[in-house]
Amino acid sequence: MRRVLPRFTGSKVATSAAVVLGVSVLAACTSSSTTSGTAATSNSTGPITIGASLSLSPNNGPFTADGQAFDKGYHLWAKDVNAHGGLLGRQVKLIILNDYGLVNQVVANYQTLFGKDHVDLAFGPFSSLLTGPASAVAARYGMAFVEGAGAPRVFDPPSNQADHDTFDVSLPIADEMVPFVNYIASLPPSERPKTAAYPMAQDPFADPPVQLAEELLSNLGVKAIYTNIFPEDPTQYKAPAQAVAASGAQIVVLGSTDVPTVQAFMQAFEQAHYTPKLFIAASGPDQGSAFTSAVGAGNANGMMVPNGWYPGYPNQASQEMVREYVAQYGGSPSGVNADVAEAYSVGQVIAQAVTATGGADNAKIIAYLHSGVELNSVQGTVKFDALGENGAAAAFVFQWQKGNFDEVLTPAGTTGSVPILATKPPWSDATTPGTTGTTG
């Protein structure tokens with residue numbers, strides 16, 4: 001069994017992992033690649049091929065929005081690397097196949113990339129539901145598999161195999177809610193909320209941070225009065241949402257993967273005239289205008305979400321990446337999806353590993369990434385533990401306040417946060433016709 005407690009918990013809930021600001025150049029510029037087991041060096045000719053599988057189907061496909069954001073991040077990184085001379089003097093060529101969000105297709109895609117296309121290196125897909133089976137294919141071919149969004153089960157055998165060849169550059173999923181727990185722990189016992197509800201969509205990404213938060217908050221004396229895992233299906237959200245509203249819990253910690261899940265719970269709460277004192281969701285409120293347009297800007301007020309990166313992150317490489325993203329894709333800095341940073345970080349880590357090992361021998365890259373070396377990325381410091389998770393990742397919590405997506409809980413030594421709204425304001429936009437919101 002995999003450990004349950006995060007690395008920064010103990011007899012007392014500790015502060016979040018400190019962030020080391022990245023001062024490396026954007027692409028960690030210089031690196032190379034190889035086919036499984038064959039070292040590519042600076043003397044090789046032709047492009048370095050990097051294969052990946054992403055959900056790039058039409059907008060109604062699963063994981064499409066995230067897959068498209070990852071695609072932009074991967075391509076932005078490749079563009080930057082090539083502009084600086086490529087990896088070990090060779091240009092990078094991305095081969096990205098569409099998996100449509102399907103497990104069978106992602107497996108077939110990586111088998112094609114490794115067995116037919118003989119790509120030199122590999123990047124991971126989006127969604128732990130796809131990363132697990134994909135990483136097993138990578139292990140069979142001896143490929144280093146660096147990805148940006150892996151749930152805990154990705155790092156358990158048989159997915160990660162005995163040699164642990166999968167590496168997640170981002171904040172470990174299970175640890176995402178720890179800053180929120182630390183905030184509750186910082187309150188005087190008389191001021192802490194007394195009850196909490198933990199509804200969770202059945203998903204390997206959404207559930208681990210909520211389950212850990214429940215354990216840690218219970219240790220602080222916050223009573224769990226509702227815990228339930230329900231199918232990740234919009235037709236199944238109404239009943240658990242109504243049950244949470246009926247419980248009257250002061251805190252709601254929602255295991256969600258998208259905007260529709262959060263929206264369904266907010267609608268049910270509004271209809272029941274129930275407003276929890278604090279409401280944090282694993283995912284959804286971080287989706288910018290996609291979230292506020294769905295739930296209403298007023299209703300978004302006070303909603304919280306954890307993450308390991310945000311567009312205003314005071315990291316030199318991150319700020320440059322955001323500027324380049326806006327120049328290439330348009331929009332504003334605040335609209336840059338965190339998925340873009342996760343994907344870009346994957347490329348940076350691979351680049352540094354190839355540079356350090358003098359080529360793209362995947363066995364050497366795997367050993368190097370497990371050596372305890374500290375690497376830089378737009379998300380901050382990357383240092384892999386024995387399983388391949390990033391034990392040095394930054395952890396933030398954000399909150400919507402009067403139309404702004406504000407950083408409210410930050411790692412030690414990081415500035416720029418604003419005071420948290422300790423009580424969620426009443427519902428103010430009717431997300432369902434004919435309803436009005438009042439504080440419950």
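Pick from PRO204, PRO179, PRO193, PRO208: which is over 17 Å from PHE396 (Cβ atoms) and either acidic (Asp, Glu) or part of a helix (DSSP H, G or I) (or both)?
None of the other options fit; the residue is PRO208.
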Subset tally (residues that are at pLDDT 90 or above and acidic (Asp, Glu)) for the stretch 408-440: 0
Residue in the stretch 381-392 that is surrounded by 24 or more Cβ atoms within 10 Å (Cβ to Cβ), modelled with pLDDT under 95, out of contact with any strand residue (DSSP E or B) (no Cβ under 6 Å at 6 or more places or on another chain) and under 30 Å from SER186 (Cα atoms) present: no
Residues of the stretch 199-243 that turn out to be within 30 Å of PRO62 (Cβ to Cβ), more than 20 Å from the chain's Cα centre (by Cα) and surrounded by 23 or more Cβ atoms within 10 Å (Cβ to Cβ), as a count: 2
Number of positions in the stretch 269-284 that are out of contact with any Ser or Thr (no Cβ under 9 Å at 6 or more places or on another chain) and either of a type outside the set (Val, Ile, Thr) or closer than 20 Å to ALA341 by Cα (or both): 3
Which numbered condition TRP400 misses (of (1) modelled with pLDDT under 90; (2) crowded, with 20+ Cβ neighbours inside 10 Å): (1)
Flag for GLY255 being surrounded by 23 or more Cβ atoms within 10 Å (Cβ to Cβ), modelled with pLDDT of 95 or more, within 25 Å of the chain's Cα centre (by Cα) and on the phi < 0 side of the Ramachandran plot: yes
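The values are calculated or read from the model by the stated rules, or taken from the named source; none is laboratory data. Note that this is a predicted model, so its numbers are computed, not measured. FYI the Cβ positions are ideal-geometry reconstructions off the backbone, even for glycines, and counts take in every protein chain you see.
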